[in-house]
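The values are calculated or read from the model by the stated rules, or taken from the named source; none is laboratory data. All figures in this text were calculated on a predicted structure; none of them were measured in a lab. Don't worry about glycine lacking a Cβ; one is built from the backbone with ideal geometry, like all the others, and counts go over all protein chains shown. Note: areas computed on protein heavy atoms with side chains; ligands, DNA, RNA excluded. Shrake-Rupley method; radii C 1.70, N 1.55, O 1.52, S 1.80 Å.
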There are 2 protein chains.
Amino acid sequence: MTRPSQELLRSISDEHVLRSLMAGRKLTRAELAVETGLSKPTVSESVRRLVENGLVADTGERTPGGRGKGRVGSFYGLAGDIGVALVVTIAPGGVTAECVDAYGDVVTHVRNRIADAVEVAATLPLTVTEAVAGQRVLLSTVSAADPVDRHTGRLVHLPDSPFLVGELDPVEVLRPLVGEPVVVDNDVNWAAQAEQTALGTSDFAYLYLGEGLGCALVADGEVRRGHSGLAGEISHLVTVGPSGATPFIEVFGELGLRRPGTTAIDVARVGEADPVVLARAISGVVTALVTLADPEFVVIGGSWGPSLLDAITSECARSPRPVPIRVASVAEPSLTGARADALHRLRAALVEASKAQ
Amino acid sequence: MTRPSQELLRSISDEHVLRSLMAGRKLTRAELAVETGLSKPTVSESVRRLVENGLVADTGERTPGGRGKGRVGSFYGLAGDIGVALVVTIAPGGVTAECVDAYGDVVTHVRNRIADAVEVAATLPLTVTEAVAGQRVLLSTVSAADPVDRHTGRLVHLPDSPFLVGELDPVEVLRPLVGEPVVVDNDVNWAAQAEQTALGTSDFAYLYLGEGLGCALVADGEVRRGHSGLAGEISHLVTVGPSGATPFIEVFGELGLRRPGTTAIDVARVGEADPVVLARAISGVVTALVTLADPEFVVIGGSWGPSLLDAITSECARSPRPVPIRVASVAEPSLTGARADALHRLRAALVEASKAQ
DNA sequence: CTGTTCTGGGCAAGACCCCTAACTAGAATC
DNA sequence: GATTCTAGTTAGGGGTCTTGCCCAGAACAG
């Protein structure tokens with residue numbers, strides 16, 4: 001446990017001030033005192049320390065311009081060169097890279113389309129370099145549209161599952177460009193995290209139905225990834241197919257909905273299939289989800305999943321433990337989730353830096 | 001966030017001293033200083049406060065008796081009337097009640113056998129009253145061999161699932177006897193928690209095969225109970241039965257292994273069934289578990305599950321994502337898990353009490 | 001028996017940290 | 001030019017932790 005030192009109190013004060021500035025952008029010392037609940041002298045001392053450490057700076061702006069009489073105050077804000085977080089998404093359609101500052105503002109955003117998974121290796125470094133543009137990157141989060149090994153951050157190729165962006169080690173690619181730490185997770189987990197932030201629900205499941213098939217489980221307010229990060233890789237979960245019990249992914253094979261020569265679902269042609277057959281297979285997956293994880297509801301996301309909402313809902317209503325089905329509410333969910341996590345980690349890293357000295 | 005007050009430092013010191021005493025039973029102030037890393041004057045002050053608040057007392061024992069020369073020291077320990085935690089297990093075979101003190105010692109233990117679920121209502125209060133025996137109970141944990149509603153603590157009767165101890169509201173029964181708070185969970189979750197403590201593994205699944213069928217999921221070091229506490233209620237999970245896809249519980253029906261007139265498995269006759277058929281059904285459940293939760297391994301517990309280890313292992317080895325299978329290692333797992341949690345909560349409650357003033 | 005050694009515990013001084021209260025600086029207003 | 005009002009500083013007090021020193025008193029050596 002923490003030792004009860006005077007330094008602890010000081011660092012708590014600094015954290016209060018720093019977090020207030022992250023939320024409030026520009027504040028005078030008097031405003032900071034009100035915001036943090038600390039006394040004016042304590043805030044002044046804390047600001048002095050933070051300026052000295054290079055985390056906070058006088059913005060140059062002064063108070064007046066209409067707010068009463070009184071002495072002019074100095075606005076303080078986070079230092080300009082304090083650093084940003086990099087957010088990367090890697091999906092079959094393209095690669096995105098963003099830089100987010102500690103206020104939560106997206107300061108750069110670069111998106112490059114790709115036609116094929118082989119282009120990822122070449123496009124990724126270019127996109128990242130353009131987005132970084134010389135800024136100081138303190139950490140990165142990466143969303144990849146494939147299973148991710150929790151310990152190494154490498155993409156995992158599960159046999160016969162959709163595998164969309166190719167063998168790739170994002171940590172290895174990013175490290176020379178932006179340094180450590182690099183956090184990699186799959187797009188469905190990030191999407192679920194975004195949904196969790198938006199809905200505030202502690203226990204739900206996110207079922208992603210697009211070119212790939214995936215699912216994420218949120219339990220006690222956090223996405224649970226399992227031992228190696230492969231929780232929710234449901235391609236081989238046995239469910240109800242056109243000809244009896246079938247692994248989920250093979251249902252699409254039997255229906256002729258997989259793109260020839262690849263492992264991906266042919267999204268454009270999903271609409272041609274019988275929605276009831278699809279919904280029955282999906283309902284089998286949902287039943288297993290409900291049985292094992294007991295979610296409050298199941299969120300359906302992905303490119304074609306939401307269009308089957310009604311069929312899925314009526315199939316699931318017939319199961320022994322029916323559960324509400326919803327459509328995902330967050331746009332660009334993987335990017336949003338990865339960005340929220342990057343912001344959270346960036347702020348924590350800066351607070352940590354203020355405690356370091 | 002916490003305010004940076006002087007009082008915070010004081011309460012941290014007190015917590016250090018209190019937790020050292022919980023671990024060390026009897027310590028002099030000098031030993032406490034070494035143990036906590038605090039200075040002697042700080043420890044002395046803290047002990048003075050804790051004695052004043054009634055949490056700590058001079059044991060009357062004095063140091064000498066052979067340990068070197070030096071001045072005699074006074075041993076301090078937790079106050080005798082500081083309070084205990086009550087641990088209750090309710091299973092088809094009987095009701096157990098224990099009191100645990102903050103050192104982790106079981107100070108009373110009462111066990112009453114029952115022949116039938118209807119006896120629970122009468123036996124439970126008797127057993128608890130005998131175990132409590134006038135002691136001050138600060139909190140209780142209850143293990144029940146049926147699904148438990150996470151929010152109310154009441155037992156839930158899922159249709160056609162084994163239901164062993166009858167309609168019961170443990171919170172309502174215990175409140176008049178011992179007061180709040182009462183934490184109720186099902187026996188499988190407690191068993192998994194005990195296993196987690198013993199093994200230290202963060203992500204695994206616990207499959208319980210006894211009179212009832214259940215499973216618990218440990219993710220990121222904690223048992224995850226789901227929205228309403230019904231995670232892992234696998235009776236209706238569809239798996240491979242003798243005649244194709246069948247809900248898990250109905251496999252036992254088809255094999256004639258359910259006790260007539262009840263919903264329970266006839267444990268005595270499980271051995272008569274073909275182990276391969278059983279193992280295949282179990283393997284189907286394990287596959288779903290692995291797919292959705294990605295455990296590091298699966299622990300098999302319950303009265304008859306471990307005897308099928310070899311059959312289950314060889315069936316599971318054939319699945320697309322094989323996972324190690326182990327036998328549960330903790331004896332009396334539900335009681336052990338509930339007791340460990342009670343101890344943890346009791347200690348936290350005492351620390352909280354030291355901070356209250 | 002006496003002096004030495006050694007350990008538990010207390011006391012005093014100092015360093016910090018936070019707070020309140022009073023004060024100063026400086027601009028707007030009357 | 002006096003008043004009013006706000007930002008920020010200074011001074012003093014209370015609290016907590018630490019270091020260093022001293023004292024009490026039992027065991028031990030001679």
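A compact table of results
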{"read-out": "Of all residues in segment B:291-324 being within 28 Å of A:LEU207 (Cβ to Cβ) and assigned to a strand (DSSP E or B), the one that is farthest from the other protein chains (Cβ to nearest Cβ)", "value": "B:VAL299"}
{"read-out": "Sole residue being open to solvent by 40 Å² or more (accessible area, probe 1.4 Å), touching a residue at least 40 places away in the same chain (Cβ under 8 Å) and closer than 24 Å to A:PHE252 by Cα, chosen from A:ASP146, A:ASP116, A:ASP160", "value": "A:ASP160"}
{"read-out": "Test for B:LEU86: is it assigned to a helix (DSSP H, G or I), open to solvent by less than 50 Å² (accessible area, probe 1.4 Å) and over 30 Å from A:SER46 (Cα atoms)", "value": "no"}
{"read-out": "Looking only at segment A:204-221, and only at residues there that are assigned to a strand (DSSP E or B) and in contact with a Lys or Arg (Cβ under 8 Å, 6 or more places away or on another chain), the one that is nearest to the other protein chains (Cβ to nearest Cβ)", "value": "A:ALA219"}
{"read-out": "Sole residue being under 20 Å from the mean Cα position of the chain (by Cα), β-branched (Val, Ile, Thr) and not in a strand (DSSP E or B), chosen from A:VAL173, A:VAL110", "value": "A:VAL173"}
{"read-out": "Identity of the residue in segment B:89-113, among the aliphatic types (A, V, I, L, M) and touching a residue at least 60 places away in the same chain (Cβ under 8 Å), that ends up surrounded by the most Cβ atoms within 10 Å (Cβ to Cβ)", "value": "B:ILE90"}
{"read-out": "Test: residue in segment A:252-273 that is surrounded by 18 or more Cβ atoms within 10 Å (Cβ to Cβ) and under 30 Å from B:VAL218 (Cβ atoms)", "value": "no"}
{"read-out": "Selection status of B:ARG175, open to solvent by 30 Å² or more (accessible area, probe 1.4 Å), touching a strand residue (DSSP E or B) at 6+ places or on another chain (Cβ under 8 Å) and at pLDDT 95 or above", "value": "no"}
{"read-out": "Cβ pairs under 6 Å, 6+ apart, first in segment B:2-23 and free of Cβ contacts under 8 Å to residues at least 12 places away in the same chain, second buried (at least 17 other Cβ atoms within 10 Å of the Cβ)", "value": "B:PRO4/A:LEU9; B:PRO4/A:ILE12; B:PRO4/A:SER13; B:LEU9/A:PRO4; B:ILE12/A:PRO4"}
{"read-out": "Meets criteria (away from chain B (no Cβ under 14 Å), over 19 Å from B:THR291 (Cβ atoms) and assigned to a helix (DSSP H, G or I)) for A:ALA273", "value": "no"}
{"read-out": "Residue in segment B:177-197 that is of a type outside the set (D, E, K, R), over 12 Å from the mean Cα position of the chain (by Cα) and assigned to a helix (DSSP H, G or I) present", "value": "yes"}
{"read-out": "Search result, residues across segment B:222-252 that are hydroxyl-bearing (Ser, Thr, Tyr) and more than 7 Å from chain A (Cβ to nearest Cβ)", "value": "B:SER235, B:THR239, B:SER243, B:THR246"}
{"read-out": "Yes/no for A:GLY60 being open to solvent by 20 Å² or more (accessible area, probe 1.4 Å) and over 19 Å from A:LEU32 (Cα atoms)", "value": "no"}
{"read-out": "Among the residues listed as B:GLU61, B:GLU31, B:GLU35, B:GLU52, the single one being under 35 Å from the mean Cα position of the chain (by Cα) and near DNA strand C (Cβ under 8 Å from one of its atoms)", "value": "B:GLU31"}
{"read-out": "Subset of segment B:1-26 (residues that are at pLDDT 95 or above and either touching an Asp or Glu at 6+ places or on another chain (Cβ under 7 Å) or of a type in the set (S, T, N, Q) (or both))", "value": "B:SER11, B:SER13, B:SER20"}
{"read-out": "Single residue of segment A:6-57 satisfying the filter (part of a loop (DSSP other than H, G, I, E, B), within 13 Å of DNA strand D (Cβ to nearest atom) and more than 8 Å from chain B (Cβ to nearest Cβ)) that is nearest to A:VAL84 (Cα to Cα)", "value": "A:LYS26"}
{"read-out": "Selection count, segment B:234-245, where residues are in contact with a Gly (Cβ under 9 Å, 6 or more places away or on another chain) and either of a type in the set (S, T, N, Q) or open to solvent by 20 Å² or more (accessible area, probe 1.4 Å) (or both)", "value": "6"}
{"read-out": "Criterion (crowded, with 21+ Cβ neighbours inside 10 Å and under 30 Å from A:GLU7 (Cα atoms)) met by exactly one of A:ALA342, A:ALA288, A:ALA349", "value": "A:ALA342"}
{"read-out": "Qualifying positions in segment B:221-233 - open to solvent by less than 50 Å² (accessible area, probe 1.4 Å) and not charged (D, E, K, R)", "value": "B:GLY221, B:VAL223, B:GLY226, B:SER228, B:GLY229, B:LEU230, B:ALA231, B:GLY232"}
